[in-house]
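Report on the structure given below.
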Amino acid sequence: MSSSQSIWKTFVGNKKTFFCAAAIALIVAAVVSISTPTTYKSQEMLAVEWAAPMNVLVGAKEYADDILSHKQTPPIANDPYSYTKILTSPQLVDTIKHAVVTESDGEVKTLEQHVSECYTYPWWVNGSKHSVEDIIHRRLKNEIKLKTGLITVQYEDEDAAVSSAIASRMTSFLDGFFRQMNADRVKAEADYYRRQAAELKRAYEESERKYAAYYDSHLDVSTQSGQNELEYLRDESEKRYGEYSKACVMLKRAEMRQQQQLLVSSRLKTMPTFKSGGARAWVVNSAVALFYALLFVAWWVLLRERINEKRKDKD
């Protein structure tokens, strides 16, 4: 008898065990399905506007290097990685929880009030340990696609209207957040370059004054030391002028960035709100429970058969 035939015969001989395990698994799946609260999930797909402004205004490598060397943060914050950080940040959760939402029955509340009153959880979960912030943070999910710059934002709630409202507002929340962040950053950057340009202008004018004064007072000097000093002062003046010119370019770019109204993100698609639970949850829970139950029983039956064979060999 082949090994596969032997294993199959062992399984057939223990079919009652398999049926009992399957029945228990189905009962467990039913309990889990009944005990799991029904929720609604809404999704928004966002298109991140980030490539063009960076190429146009922040393309020069020296520009970025100069900002980083002075511990300044780059003015453009609207890239996909920044979005995912903000979507999981406590600051955004704190903003969302104060948002006013209208429930399906028409009652108007803040999201914080709604969650504290309507949040439900399975009996095996200790819901008292979770704060409103933790619940919102856990229910707010996102998926990023770097190649296309698309981000899918999802919010889950017991109320379909609340779920849809929060998901649809995420575009406005994010757009306003990044607009303000960019405005604050570029203002600080413009102020920095404005101060730097003023300082470098004074340094250039001082070096130019020294060069002119030395040149006027040494017109008839033909010594090598005098010529060397004159060349040094001239080179120093040109160096200061180059630094001042660079600061002026940086300041101009920062001022241009201040004047630009950047659309940080745009709503690309709104997916229909879908309901968790129902027949689909029953099927999934039953399939998972049956798979693991039958897998465990198969392992146990084969292990027990092997132990019995070893005992017979010893006898």
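The values are calculated or read from the model by the stated rules, or taken from the named source; none is laboratory data. On a predicted model such as this, the values are computed, not experimentally measured, just so you know. When we count neighbours, we look across all protein chains shown, and the Cβ atoms used for this are built from the backbone with ideal geometry, even at glycine. SASA here: full protein model, heavy atoms, side chains in, ligands and nucleic acids out. Shrake-Rupley method; radii C 1.70, N 1.55, O 1.52, S 1.80 Å.
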Can you give me the P(r) profile for the range 192-251? Cα pairs, bins 5 angstrom wide beginning at 0, each as a whole percent.
4, 21, 23, 17, 13, 9, 7, 4, 1
A correct Karplus calculation of ³J(HN,Hα) over the range 299-305, with 6.51 cos²θ - 1.76 cosθ + 1.60, θ = phi - 60°, whole Hz and x for Gly and Pro, returns 5, 5, 5, 5, 5, 5, 5
Computed from the beta carbon distance with a Förster radius of 51 Å, FRET efficiency for MET271 and TRP299 to the nearest 0.05 stands at 0.80
Each residue of the range 224-237 in order: what ³J(HN,Hα) in whole Hz does its phi give by Karplus 6.51 cos²θ - 1.76 cosθ + 1.60, θ = phi - 60°, with x for Gly and Pro?
5, 5, x, 5, 5, 5, 5, 5, 4, 5, 5, 4, 5, 5
ASP191 accessible area, nearest 10 Å², 1.4 Å probe?
50 Å²
What accessible surface, in Å², does a 1.4 Å probe find on PHE18, ignoring ligands, DNA and RNA and rounding to the nearest 10?
40 Å²
Order VAL153, VAL32, most accessible first, counting only protein heavy atoms with a 1.4 angstrom probe.
VAL32, VAL153
Cross-link pairs LYS41/LYS97; LYS85/LYS252; LYS210/LYS246 - those with Cα-Cα distance over 24 Å
LYS85/LYS252
Got a sec? What order do TRP299, TRP8 fall in by accessible area at 1.4 Å, biggest, i.e. largest, first?
TRP8, TRP299
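Give the calculated FRET efficiency between SER245 and SER104 to the nearest 0.05, with a Förster radius of 51 Å applied to their Cβ-Cβ distance. Before the final figure, lay out each step's value.
Values: r = 63 Å, r/R0 = 1.24.
According to the calculation, E is roughly 0.20.
Between SER172 and GLN113, what is 0.36 nm times their sequence separation minus the Cα-Cα distance? Round to one decimal in nm.
Stretched fully, the SER172-GLN113 segment lengthens by 19.1 nm.
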What do you reckon, how do ARG304, ARG195 stack up by accessible area (1.4 Å probe), largest on top?
ARG195, ARG304
Enumerate the calculated ³J(HN,Hα) couplings along the range 97-112 in order (Karplus 6.51 cos²θ - 1.76 cosθ + 1.60, θ = phi - 60°), each rounded to whole Hz, writing x wherever the residue is Gly or Pro.
5, 8, 5, 8, 10, 10, 6, 4, 8, x, 6, 9, 8, 7, 4, 4
ASP216 accessible area, 1.4 Å probe, all protein chains in place, Å² to nearest 10
110 Å²
